[in-house]
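The structure under discussion appears below in the form of C-alpha cells.
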Amino acid sequence: MSEQRNKQLLQLTLLLQLERRARQAPADELPYVIVNETADLLPYRQAVLWRLDLAKIAAASGVAIPEKNSPYALWLQPILRYFSHPETAFSPAAFTSDNLPPELAHDWADWLPEHGLWMPLPAPSGVNYALVLFREDAWKDGEIHLLSYLAEAYGHAIALTQAANPKRPLRERLRAKRLQLIIAAIICAALFFPIRQSVIAEAEVIPYHANLIRAPLDGVVEKFFVQPNEIVTVGQKLFNLDKAQLSSRLSVAEETRDIAKTEYLQTTQQAMIDPTAKVKLALLKGKWEEQVAEVNYVRTLLTRSEVTANKAGVTVFDDPNDWLGKPVTQGEKILAVADPQSVELEIRLPMDDLIELEAGNTVLFFSNVTPHHPLTASLSYFSYRASATPAQVIAYRLKAQFTDSSTLPRLGYRGVAKLYGTRQPFILWLLRKPIHTVRVWFAW
C-alpha cells in the first residue's frame with residue numbers, strides 16, 4: 001500500500017511539474033514539450049499533437065519540426081481526421097485498428113503500436129487541439145483520468161500563448177507594419193519607374209571626313225617622310241614607293257624612243273632620193289610618237305611614286321616600320337590626313353548589349369585620359385549589321401558627333417561611351433539580360 005501511494009505521489013508531482021513546464025514554455029516551444037515531455041508522466045512510444053481547426057499535425061515526438069509530406073504524416077492524417085468529427089473529437093478515447101474502417105486501418109502495424117489514445121485539449125475558446133498517444137500496452141482508466149487533468153493544463157497553456165498574440169483587425173496590423181508597407185511601396189514604385197535605357201561600350205576618337213592617302217600604283221613602300229600624328233602642310237612629302245623598276249623601265253623607254261626617232265629621221269632623208277621610202281614614214285612616225293608617250297607615262301609614274309599631302313592636317317597611321325618594304329596595290333589605304341579640329345566618336349556596341357537607339361540619342365564619352373570629365377555627343381550613325389572587332393567580338397559600329405566644338409578630344413583617344421536609349425520600367429532594364437537568356441532557352 002505504501003509503495004502504491006509513493007507511486008501516486010510521484011505521478012502527482014510529475015503532473016504538477018508538467019503543468020508548470022507547460023505554463024512557462026514559450027509559444028514556439030510548447031508543442032515540442034507536449035509531445036515529448038508527457039512521457040515523464042506516462043510511458044508511450046509515439047505522440048502527435050493534432051490541430052483540429054486546420055486539420056494538420058502541429059508537432060510529433062522525436063522531431064523538431066514535422067514534415068507534412070512525409071510518408072508517415074500522409075498515412076496518419078486520414079486517421080486523425082476520422083477522430084476529428086464532432087461525435088468523437090471532444091471526448092478522450094482509447095482505440096485500436098479495429099475501431100477504424102478497413103481502408104484506414106491498412107498498414108497500421110507498419111507504422112504504429114497496437115493501442116492509441118485520443119486526448120482532446122480543452123480550452124475556454126473550445127477544443128482546437130488533441131494529443132494522440134500510441135504504445136504497445138492497453139490504456140487504463142486511471143491513466144486516462146490522470147491525462148485528462150494534464151490535457152486541461154495543456155489546453156489552457158496553448159490558449160494563453162495564443163492570447164498573448166491575439167489576432168488583431170486588419171487596420172491595426174497594417175498600422176503596425178506601416179513602415180514596412182511604405183518601404184515596399186517605394187520599392188515597387190522604383191521598379192516600375194520609367195528610366196532611360198543605357199549601355200556602356202568601347203569608343204575611340206577618329207577623324208571626321210579624313211583625307212585618305214592611298215597607293216598611287218602597285219609597288220613597294222620605300223621610305224616615309226613623316227611620323228604618326230605629325231602636322232603636315234599642302235605639298236609636303238609623305239612617303240614614296242621604290243623607283244628601281246620604274247627607272248629601268250624609263251631607261252628602256254627612252255632608248256627605244258631614240259631608236260625610233262633615228263629610224264624616222266633616216267627614212268625622211270632617204271625619201272628625198274628614193275620615193276618608195278615615203279611609204280614607211282607614217283609607220284615610223286607613229287612608232288616614234290608611241291615611244292614618246294611611253295616615256296612621258298613612265299615619268300608620270302615616277303612623279304606619282306612620291307606621294308604628297310593635298311590637304312593640311314595631322315597624319316593618322318600606325319608605325320611606319322610596318323609599311324617599309326611591304327608590297328602594296330593601287331588604291332590600298334596607307335594613311336590619312338585629318339583635321340584635328342574635325343573629329344567624331346566611333347563606338348563598338350556588342351550584340352548582347354544592344355538596346356533601342358535612334359539618331360540624336362545622347363552619348364557620354366569618358367576618355368581614359370580624363371575619365372572625370374565626360375564629353376557629350378549625339379548619335380549620328382548606326383551600322384545595319386554587326387561585324388567582328390579586332391578582339392573577335394561581334395559588335396555594331398556607331399558614330400557620334402561631339403556637341404561642344406570648344407572641348408574636342410585629341411585624335412586617337414580611347415575610352416568608354418555611355419549611350420542613352422528610350423525609356424522603360426526600371427525592372428525591365430534590370431532583368432534585360434536574364435529575359436534575353438530565358439528567351440534564347442525557350443527558342444530551343
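Here, each number is a calculation from the coordinates, and none is a lab measurement. Remember, predicted model here, so these are calculated numbers, not experimental data. As a convention, Cβ positions derive from the backbone with ideal geometry for all residues, glycine included, and neighbour counts pool all protein chains shown.
The table below lists the values:
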{"item": "Theoretical FRET efficiency, 1/(1+(r/R0)^6), r = Cβ-Cβ of Arg385 and Lys326, R0 30 Å, to 0.05", "result": "0.45"}
{"item": "Among Val33, Val314, Val220, residue whose mean-square fluctuation peaks in a GNM of the chain (springs only between Cα atoms under 10 Å)", "result": "Val33"}
{"item": "Label-point separation, Ile195 to Ile231 (7 Å along Cα→Cβ), nm", "result": "4.5 nm"}
{"item": "Value in Å of the Kirkwood radius, where the chain supplies the Cα pairs that are averaged", "result": "33.2 Å"}
{"item": "Net +/- balance of residues flanking Ala215 in space, Cβ distance below 9 Å, scoring K and R +1, D and E -1", "result": "0"}
{"item": "Set of lysines with alpha-carbon distance to Lys280 below 19 Å, sequence-local pairs under 8 removed", "result": "Lys261"}
{"item": "Estimated dipole of the chain in Debye, rounded to 20 [Cβ of Lys and Arg +1, of Asp and Glu -1, Cα centre]", "result": "1500 debye"}
{"item": "Which listed pairs, of Lys223/Lys311; Lys333/Lys399; Lys243/Lys287; Lys237/Lys326; Lys243/Lys399, have C-alpha distances above 29 Å, in listed order", "result": "Lys243/Lys399"}
{"item": "Centroid-to-centroid separation of the stretch 203-249 and the stretch 336-375 [C-alpha atoms, Å]", "result": "28 Å"}
{"item": "4 °C / 1.567 mPa s Stokes-Einstein diffusion coefficient of the stretch 211-334, Kirkwood radius on C-alpha pairs, µm²/s", "result": "76 µm²/s"}
{"item": "The stretch 2-164 shape via C-alpha gyration tensor axes, a/c threshold 1.5", "result": "oblate"}
